[in-house]
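The values are calculated or read from the model by the stated rules, or taken from the named source; none is laboratory data. None of the values given here were measured: they were computed from a predicted structure. All Cβ positions, even for glycine, are placed from backbone atoms using ideal geometry, and neighbour counts span all protein chains on display. Surface accessibility is based on the protein's heavy atoms, side chains included, excluding ligands, DNA and RNA. Shrake-Rupley method; radii C 1.70, N 1.55, O 1.52, S 1.80 Å.
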Amino acid sequence: MMIKKICFLTIFIFLFFTKTTIALESSWEGIKEAKLRLISPISNTNIQNSVIVGLEYQLKDGWKTYWKSPGAGGFPQEIEYLKSKNIKKIEILWPSPTQISILNLKSLGYKKKVIFPIEIELENRLKPVDIHFNVHFLVCKDICIPGDANLNLFIPSGKSLKLTIYAHDIEKYITQSPLKNTNFTDLQINKSLLYI
């Protein structure tokens, strides 16, 4: 009887770990009106020259943040990454904004949830990337509040690429970023893995 229980437990543990989806994310940081985190669509760098991560915002009801050219008021987010390792440069891919009204001023921005895809060019494609972003942002409702978030995410190097549970969401926001013609194909990520 004990041998059967051990065999069953061994099979259960094997099935659990082989079926578990991969999640690669930072902790949530920020202020009570806006929480931010980094999410990765990939489990490792796949020995590529660049990778994409997502900077996700969760905004409380009624609160908004700004697009890169906000219009009448506000300012866009700024990202410092000097403490990161193996990053040559970054580029924010700005999803299409909506028109928002803040303090009776017409602006362009986002509400509730938005993911900013960020293309990261690596200094050495054979090494992992250790991301340390200090994000400065502004959120507004009846008043405007500046915020900061210190976000850390480590993406190991490696060739055996697997997509994470965030791959589909990040790809959706890439397609909403009209000013940059970048997608997972450009980064040699097999989209068919999304549907396995």
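One residue alone among Leu105, Leu93 is surrounded by 17 or more Cβ atoms within 10 Å (Cβ to Cβ) and farther than 18 Å from Ala149 by Cβ, and that residue is Leu93. If you go through region 51-83 and keep only what is surrounded by fewer than 20 Cβ atoms within 10 Å (Cβ to Cβ) and either among the polar types (S, T, N, Q) or under 21 Å from Glu25 (Cβ atoms) (or both), you end up with Gln58, Lys60, Ser69, Ile79, Glu80, Tyr81, Lys83.
One residue alone among Ile79, Ile11 is at pLDDT 90 or above, among the hydrophobic types (A, V, I, L, M, F, W, C) and more than 21 Å from Ala167 (Cα to Cα), and that residue is Ile79.
In region 22-50, of all residues being in a loop (DSSP other than H, G, I, E, B), under 29 Å from Asp61 (Cβ atoms) and open to solvent by 30 Å² or more (accessible area, probe 1.4 Å), the one that is modelled with the lowest pLDDT corresponds to Ala23.
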